Every structure is written in C-alpha cells, then in structure tokens.
Amino acid sequence: MNILLVCERSAGHIFPALAIAKALTKEGKDALTPKVHIFATAKALKPYVRKEGFNVVGRSFSKRNLIGESFWRFFEAIYLLLKLRPKKVIGFGGRDSFFIVLFSWLFFIETSIYEPNLKFGKANFLLSFFVKKVLRGFGDISENPKTKVIGVPLRSGLIKLDRIKVRQELGFGQEPVILCFGGSQGASFINSVFLDYLKGTKKDLAVIHLTGKEEYFQILQLYNKIKYRAFIRDFYYEMETLYSASDIVVSRAGALSLAEVSFFGLPSVLIPHPQGGAHQRENAFYLEKRGAAY
C-alpha cells in the first residue's frame, strides 16, 4: 500500500511528516508494510529525507512565485497521484500541498490533513471543509467529530542527552547557554536583535546561534569581534545536542519548535513570525498564558 505525506518546504512541515513516516514503517519491510512517499519542496532537506530511507517527490523552486508555482503544482498533483496511486494521503499544510490534497479528495482517496499550529494555516483551513479527518497538534477543539488532537510528533532521535558531556563537546564551560534560531531557514530580524543584545550585555554567556544560510558567513565574522564562547551554524540536524546543552531559547514560534522546546523543558523568549496568518503569534500566546514562555 502506498501512502503519500504531503509537506511544504519548511522543517516544521517535513520533520513531523518524517516522524509519522517512520512510525508507519517501523514494523519492517515485509509485504504488509506500507510504502511511504514524501512530497517535500525544500531542496536543502530532501537529501536528509532520502537518507532516512524514504522516496521524495516534488519539484523545488529557488524563488517563490504564486502564479507560476500554482500552475506547476496543479499539473504536478495530477501526475503524482496517477503515478504513485496512494491509498492514503496526509497533508501537512502549506500552499505547495494544496492541490495534491484537494485532488486526493476529489479522486476518492482516503485523505486527511494535519495542522500542528493552534490556528489553521490558509491551505489547511480551506482543505478542512473537504477531507474526512482533521488532525491537530494542540489546543482546544470543537465537537466536530472528524477533528482529533494527536500532539506534535517528534523525531525518534530527539532525546535528552547528558548536559555536561554535550557542553564539553561544544566547547562550553559552566556559564549559561543561550540557543538562538529563527526556524529552518533562519530569520534576519532575530539574527539582528540577538546580536544587538550580545553587543550590549556584559553577562558571562555562551551562545549557540543557528543563522540560516543567507547570513551565515556574515554573522560568523561578527562573532570574531564579540568575545563569547559560541557555536555558530547555518542549520543543524542534531538539535538534541543543542537543546540538551542550553539554558534558554530565543526562537520563532512554529509548532515544531515549540514542541521541541517543551519536550526539553526549556524557558523561551518567542518572537513570532509576523506573516502566515499570525498562527505563530497564537502559538506563542498559548505557551505564555501557561507560564511556559515569554
């Protein structure tokens, strides 16, 4: 049986899909084990998904163009559904996923959507009127019988590590460690205000900073002028190492990031992304009201 998991281009879409893909295939590779295909449009993350043993489909575009991409995704959706002939389709949100999930429903394929955020994204909001099952990450839900809260699935390798050992591996001592990141693609605004903070504070700190690809080399040079123990990367897959070493997190407020921060029990300063229908803002307030973040 073929199962198609349909993502957008961010890690917040792809990593939960990957966690579910592993759960679906964990029993082995016999004839009854479903074959999982993952539609993902993040060029940088495709090799990682393939390395985990899953077939990746979907074209990646270097630049975003709503009209051009929509035209391509329309015909791409029909082609992939006819080629793969999935028995089940699960959409994880984002406009890249819209036509595949919609056509799956139209073709009478068993179709569900998963929304990790407290507030629906635009694509999932529209699709929720058509699909049979709506799976939610967290929050209060209505009495709608097709809606179910299942939590935010985390990667199996995301485990708590020995704090002293990982700090030594990163070159840190006993000083407080701040982890700063702006999601899988980085965030220029967060990079800027965080560096301003470091330049102005006199506290004895160690820093883990995931910058995103675009500003990595520029920020790396700036850290040579700021005298902190620092671990700087554009992106890092082994986040369990970084979380285990940290005392506090500065980040966006995507559902996956918040689930990971909550799992490690870390206090956080959240700077929600201003776009995307303000769903990150709602996520952030949800945690703040429960005393888990600022």
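Data table
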item: Strands (runs of 3 or more DSSP E) wholly inside region 1-69 containing at least 1 residues that are within 27 Å of residue 181 (Cα to Cα), among the charged types (D, E, K, R) and out of contact with any Pro (no Cβ under 8 Å at 6 or more places or on another chain); result: none
item: Residue list for region 68-100, filter: within 21 Å of the chain's Cα centre (by Cα) and surrounded by fewer than 14 Cβ atoms within 10 Å (Cβ to Cβ); result: none
item: Scan of region 242-256 for residues that are under 24 Å from residue 49 (Cβ atoms) and open to solvent by 20 Å² or more (accessible area, probe 1.4 Å), ordered by number; result: 252
item: Sole exception among (1) open to solvent by 20 Å² or more (accessible area, probe 1.4 Å); (2) part of a loop (DSSP other than H, G, I, E, B) for residue 158, by number; result: (1)
item: Options 192, 128: the member that is over 30 Å from residue 216 (Cβ atoms), small (Gly, Ala, Ser) and free of Cβ contacts under 8 Å to residues at least 60 places away in the same chain; result: 128
item: Contacts under 7 angstrom Cβ, first residue in region 269-294 being within 23 Å of residue 197 (Cα to Cα) and open to solvent by less than 70 Å² (accessible area, probe 1.4 Å), partner in a helix (DSSP H, G or I) and among the charged types (D, E, K, R), 6 or more apart; result: 272/281
item: Any chance residue 107 is among the hydrophobic types (A, V, I, L, M, F, W, C), open to solvent by 30 Å² or more (accessible area, probe 1.4 Å) and in contact (Cβ under 8 Å) with a residue 12 or more places away in the chain; result: yes
item: Odd one out for residue 230 among (1) out of contact with any His (no Cβ under 8 Å at 6 or more places or on another chain); (2) open to solvent by 30 Å² or more (accessible area, probe 1.4 Å); result: (1)
item: In region 168-185, residue modelled with the highest pLDDT [restricted to those that are touching a Gly at 6+ places or on another chain (Cβ under 9 Å) and surrounded by fewer than 22 Cβ atoms within 10 Å (Cβ to Cβ)]; result: 183
item: Test: residue in region 186-199 that is of a type outside the set (S, T, N, Q), surrounded by 13 or more Cβ atoms within 10 Å (Cβ to Cβ), at pLDDT 95 or above and touching a Phe, Trp or Tyr at 6+ places or on another chain (Cβ under 9 Å); result: no
item: Any hit, region 211-223, residues being under 30 Å from residue 136 (Cα atoms) and open to solvent by less than 90 Å² (accessible area, probe 1.4 Å); result: yes
item: Only one of 130, 103 that is assigned to a loop (DSSP other than H, G, I, E, B), over 21 Å from the mean Cα position of the chain (by Cα) and not acidic (Asp, Glu); result: 130
item: Elements of type helices (runs of 4 or more DSSP H) in region 228-294, at least 1 residues being farther than 19 Å from residue 162 by Cβ; result: 255-263, 279-289
item: Test for residue 65: is it touching a strand residue (DSSP E or B) at 6+ places or on another chain (Cβ under 9 Å) and surrounded by fewer than 17 Cβ atoms within 10 Å (Cβ to Cβ); result: no
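The values are calculated or read from the model by the stated rules, or taken from the named source; none is laboratory data. Bear in mind that the values here come from a model prediction, so they are computed numbers and not experimental data. Glycine also receives a Cβ, built like all others from the backbone with ideal geometry; neighbour counts cover every protein chain displayed. SASA here: full protein model, heavy atoms, side chains in, ligands and nucleic acids out. Shrake-Rupley method; radii C 1.70, N 1.55, O 1.52, S 1.80 Å.
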